[in-house]
Structures are given as structure tokens and as C-alpha cells.
1. Is one or more of the residues making up region 216-227 in contact (Cβ under 8 Å) with a residue 24 or more places away in the chain, under 17 Å from the mean Cα position of the chain (by Cα) and surrounded by fewer than 19 Cβ atoms within 10 Å (Cβ to Cβ)?
2. Quick test for you: out of 18, 63, pick the one residue that is more than 21 Å from residue 236 (Cα to Cα), touching a Ser or Thr at 6+ places or on another chain (Cβ under 6 Å) and either loosely packed, with under 14 Cβ neighbours inside 10 Å or not small (Gly, Ala, Ser) (or both).
3. Inside region 228-250, can you point out the residues that are under 21 Å from residue 28 (Cα atoms) and either without any contact (Cβ under 8 Å) to a residue 40 or more places away in the chain or outside any loop (DSSP other than H, G, I, E, B) (or both)?
4. Regarding residue 192, is this residue part of a helix (DSSP H, G or I), of a type in the set (Phe, Trp, Tyr) and touching a strand residue (DSSP E or B) at 6+ places or on another chain (Cβ under 8 Å)?
5. Tally time: how many residues in region 324-377 are closer than 16 Å to residue 57 by Cβ and of a type in the set (Phe, Trp, Tyr)?
6. State which residue is surrounded by the most Cβ atoms within 10 Å (Cβ to Cβ) when the search covers only region 144-180 and only residues that are of a type in the set (Val, Ile, Thr) and closer than 17 Å to residue 105 by Cα.
7. Among the candidates 318, 336, 370, 364, which residue alone is closer than 23 Å to residue 94 by Cβ, more than 21 Å from the chain's Cα centre (by Cα) and surrounded by fewer than 21 Cβ atoms within 10 Å (Cβ to Cβ)?
8. Hey, among 60, 52, which residue is in contact (Cβ under 8 Å) with a residue 12 or more places away in the chain and under 17 Å from the mean Cα position of the chain (by Cα)?
Amino acid sequence: MKEKSFNNLIADSQGTAVKPIPPEHFDFERYADYEAARLEKNRDFWQASQAVAVYRRFRVPEVYTYRCHDMKMSLALQLGALHESMKYEADIVNFLEPWYGIGTIAGAFGATYQWEPGQAPAVKPPFSSLQEALDTDIEPVEETPIGRQTLDMIDYFLEKTRGRLPLSLTDTQSPMNTASFLLETNAFYMSFYDDPEGLKQLLERITAELLRFTQKQKDRIGDVLVSPGHGFASSRSFRGLGMSDDVMTTLSDQLYREFEIPYLETVGEPFGGPAFHSCGNWSGKTDTVRQIPRLVMVDGAFSAQTDPDENPSLPFSQTFRDTGIVVNARIVGDSQGVIEKVKKLWSSGMKLIVVTYCQTPREQANVYQQIHQHCEG
């Protein structure tokens, strides 16, 4: 069977349309029981040296685009997703995300969001040179518009859900990704060679602010916090800090080890270790990513319907088996396609989370059963 290709005519290939549910109409007791019934299984998975789990992700397209700044509608849409998700058989439950774009820490340096109609916010780099960024005084993130909005959304979500539902941090970008939001593209890449020590100074400043603001969010969210967070299958039984690190695909292994890995380790350590995400095909860098100290999870796309440049399976099963590092595999596709991918990914010694997007509860139940049979049978 020829696999379907990426559909660039839809807003979100990983998205699911849902009907919003206002907090006053949501069944909190039912969802709390639904989550509680899976937490022990999640703990067992996290502690195991070899295991498989299934997560049917409910990602609402509007929440990741023009609705991300509307806390009332964002929550209602996400509650609609949580309600629908209970119909789909899975080992890991969905969670709420007070998401607000990818430039949170960049805001401390004066970066501001640009809003295009119907689109997610974008950050235009405010600096044409590295020295301009180094000469800029940092404003605490929580005193910036994006920082205040992020914390206000956390407070609103907690208040309206009575602190009963699993909740993650906002979308967290790696220090290197954040640096790329601050510097004009040519200045960013030239700084590796023209002023490597200056770039490290910038990364140190970013890292310190990222650590501080992440801890502030964690303290606010309390015991309903799920980890590793945005974009990863997450649970109160899991640990780690998920970070998007897409810029790494443009760097040599040597540059990545020198300019990014030390900062990922610093940021991730207080939260149980880093969890790594990059869009696209980063299979050629699995050995380098594995060198990140205390790495707990990696995320990738494993079908053409998920990402136009999907990852091949073999480098991941070869690199991450017998390491204890979880592979979070996002696979958009029908049941046959998902099972074929799992058979290529799975090998003895792996810890694998299969992230599915099945269209019906019946299809999901079939996929769930086949995945566990293949990996545990």
C-alpha cells in the first residue's frame, strides 16, 4: 500500500475538530477518575526498561493558531478535546496547555508578537547583530505582555477547572531556538564563527531566564503539572522538561555539542532531565541527541501525513533501545499504516509511546490492541 503524502491544504495535519465545552458544563469528576485509572500504568511505564504505551493525541487547530491568546475560548476548546478523548482507548490521557506562541522567553529581550489573521503569532527578530542583543537589558518575562498572558492563562485554567485537571507548562523553546528568534538569520549563523564567546554569553542569559520562568510556572501549577509538557505525551507520573529544538537540524554535530547541549542540560536538570523535539527529519543526528545528559524522551514524526519530511524508523530503534530514553512517535494515518510503522520502530529494549490520530473510537481500539499485541506478545 502506498502511503499517503502530507496534505498541505489543511490547517493542521495532527489536529482534531471538537466542539467547545464551557467549564460549567464539563464533567470534572469523570475526567479525574479517567486520569487516575491510568496513573499507575504510567508510573510502571516510566520505571520500566522496556515498554510500550499508546496516546491518542487531541490537538485542536484553533488553539495552536489564532485562538491561542483567547483564554476563554482556548479552555473551552481544550475541554471539548478532553471530553472527546475519553471515547478513545489509550494508556496516557490528554491534558490542558496554556499555550501562547513560541516567543515567550524572547519577550524578555523585547521581542513582540506579530499577528496575521487566522494564523499563530510570529516573532520578528529584533536584533540585527549579536552585540545589540548582548547590550540589551533583560526584562523579567512575567513583566512582559507575553509573560503576563501566560501566567494569567495558567491562573484562569486552574480557577475554572478547580485545579482538578492535568495541566502543562506553556510551549517551551530551547535556548538555541530562542536565540534564533532574537537575531536576524545571517547574524545568528555568522555569530557561531564571528563571536562564539558572545553567542555563549547570550545563550547563558537565555538559559537563566528560561530556568527562572519555568520554575515560576511550575510553582503556580502545583501538583496537577504533567511532564514533559507541550507536544509530548505527558503525565503526572512522568518527569522531564520538553523543549523544541528545531534549529539543531541546521547545525553540524560539533556546533550542536558545543553551543546547545550544555544549555539543554542546565535547563532540564532541575525538572528531571531534558526532553527533545524537532520537526522534520533529524534521524541523521540521533547519536548526537543521545549525548544530551539525562535525556528522558525524544519526539519525532514517523509518517508522511504527520510531517512532509518524516523520520525513518531504523536510526531510532538502533540508537535509543537499551537506553531508557522514551521515543515519542507521532504517526498520523490509518490503522494499517500506524501498525506498519510500529513494527519498523519496535525492537527489544525500547521504550516507545505511539501517538495516534485515529478518526474513530473503533479504529483506535483496533490500533491499541494490535500495538500491544505486537510489542508485548
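The values are calculated or read from the model by the stated rules, or taken from the named source; none is laboratory data. Quick caveat, the model's predicted, so the values are computed rather than measured. Cβ coordinates were reconstructed from backbone atoms using ideal geometry, including for glycine residues, and neighbour counts include every protein chain displayed.
1. yes
2. 63 is the lone residue from the list that is more than 21 Å from residue 236 (Cα to Cα), touching a Ser or Thr at 6+ places or on another chain (Cβ under 6 Å) and either loosely packed, with under 14 Cβ neighbours inside 10 Å or not small (Gly, Ala, Ser) (or both).
3. If the condition is that a residue be under 21 Å from residue 28 (Cα atoms) and either without any contact (Cβ under 8 Å) to a residue 40 or more places away in the chain or outside any loop (DSSP other than H, G, I, E, B) (or both), then 235 is the only one that fits.
4. So residue 192 does not fit the description; no.
5. Residues flagged as closer than 16 Å to residue 57 by Cβ and of a type in the set (Phe, Trp, Tyr) within region 324-377 amount to 2.
6. That would be 178.
7. 370
8. 60
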